[in-house]
Each structure stands twice: as C-alpha cells, then as structure tokens.
1. Most mobile of 49, 239, 141 per a Gaussian network model of the chain (Cα springs, under 10 Å)?
2. For 134, 147, which order do you get if you count the other beta carbons within 10 Å of each Cβ and list the fewest first?
3. Cα-based Rg (one decimal) and Dmax (whole number) for the stretch 95-251, in Å?
4. In percent, how large is the relative contact order of the stretch 197-249, given Cα pairs closer than 8 Å and 6 or more residues apart?
5. If you take the beta carbon distance between residue 120 and residue 44 as r and set R0 to 35 Å, what does 1/(1 + (r/R0)^6) give as a FRET efficiency, to the nearest 0.05?
6. Is the stretch 197-249 rounded, prolate or oblate when judged by the Cα gyration tensor, a ≥ b ≥ c being the square roots of its eigenvalues, rounded requiring a/c under 1.5 and prolate requiring a/b larger than b/c?
7. Write down, largest first, the equivalent ellipsoid semi-axes of the stretch 4-192 in whole Å, where each equals the square root of 5 times an eigenvalue of the alpha-carbon gyration tensor.
8. Assuming 0.36 nm per residue, please report the length gained on full extension of the stretch residue 244 to residue 34 beyond their Cα-Cα distance.
C-alpha cells in the first residue's frame, strides 16, 4: 500500500487515517504536505462536526519517514510544524485515537489534537535528540502546556519512550482504554461531541488556545446562531437539542 492519508465521514465525524504500514505509519514528505489542505476542506464542510485522527492497524504514527527526506533532513521539522499548526487550528473538536507507537512527528500530531485517547500498550516519545534536530518552539510550548516543563524536558532531553500509564499521569493523554476498547470509546466520545453546540466548542477552543481577544466576535455569533435559544428550549422541554451553528456559516 502506498503511503497516504485517507478519510471517511460517518455521522458527522471525519476520521483521518495515517497509512504507511511498511514503516509503522511514518509520515512521508508528501503526507505532511497533504494534511493541511485536507484539514481545510474538512473544516469548511458543514457535514463535519468533529474529527478523529488515527493510524492504520496497530500503530498511530512512528514520526517522519526520514528516508524520504535524505537529501534535505532539515525539511522535516518545517513540514511537521505546518501540519501540526493546521491541526491545532482546526475549528472543530479533534481526537487522537492512539494504538502502538506515537513517536516523534506522531506525538506532535497527537499533541495538536484537542483530546487524546490511547489503548493500553501504546508508547509515546519525542525523539529529535536522537537525530540532532532542534524541536520547534511552537511544538515545545504545546508540549509544555500539556505535560508541564519537567516532563517536557524529560521527553525532549532523553528521547525515551513512555508507556500509556505514564502518559496518562502526566497529562499527555486523557484516557487509557484496555486492549480492544479504544474504537468503541472513541465512537462514544465522538457521538457526544457532535451532539453539543459547535458554537460553544469553537469559541472555547480559541480561548483555551490563547486567543482571548474575540469575546465580541463570539458574542455576535451567539446572538445570530439560535443555538442558545435552542439549548434553553431543549432543556425546558426535556429533549435533545438540535444545534445548527456551523463554521461554514460563521462569517
């Protein structure tokens, strides 16, 4: 199978799959380049209300496929950062579903997601120290925000792998599921996410990511959306709300 990113849409959830089984789903230069435009298209699709990122088979992503960057190894960090930033800026909830190795650029992608769920047995590592690569400042800040400076330094200085239990304790992942339980739990969480107000989620995502100067913008979106009225009505009528605000209509 050729290295590629594939995606499918089921019940308003877009699932993006990293496929490069010959190299534990390592990302080629072409795959790094393909991710930002794919995310842009999914962001503009009103039928997409949440996104799951995962790897084919029993592993998430073993990082960058260095063999495809042999002539220009310094290209890898720039391509990875562009993909990471596109994922972090995706305006809808994102979930990384992790099995097996989540290493290097794979850990970068997982960290850029809003939530991370891992199967027991998953291994995590941030490994630029093995290659003499300077880890980008934006990626370092994101890692520190997740796990704190001490754990971030441990991961970056040693390039050692940590197991899912330690990843959970340090905040690198949000939940660890027993073997065989990841798919069902991710599907359950995705159903919850798409049932909630995307308006609330999009605003909260901006604020949590440090964009705190848009209160007026989001107040205007709320007034024109109908989501607040629908949420209150559904609560009083004891029914599930039907939220309609979407990124494509936000202006």
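Just so you know, all these numbers are worked out from the coordinates, no wet-lab data involved. Quantities reported herein were computed from a predicted structural model and do not represent experimental measurements. Glycine gets a Cβ as well: all are built from the backbone with ideal geometry, and neighbour counts include every protein chain shown.
1. Result: 239 has the largest fluctuation of those listed.
2. Sorted ascending by nearby Cβ count, the order is 134, 147.
3. Considering the stretch 95-251 through its Cα atoms, Rg and Dmax are 18.8, 60 Å.
4. This gives 43 percent for the stretch 197-249.
5. Efficiency for this residue pair is about 0.45.
6. prolate
7. 23, 20, 15
8. Using 0.36 nm per residue and subtracting the Cα-Cα distance, I get 72.6 nm.
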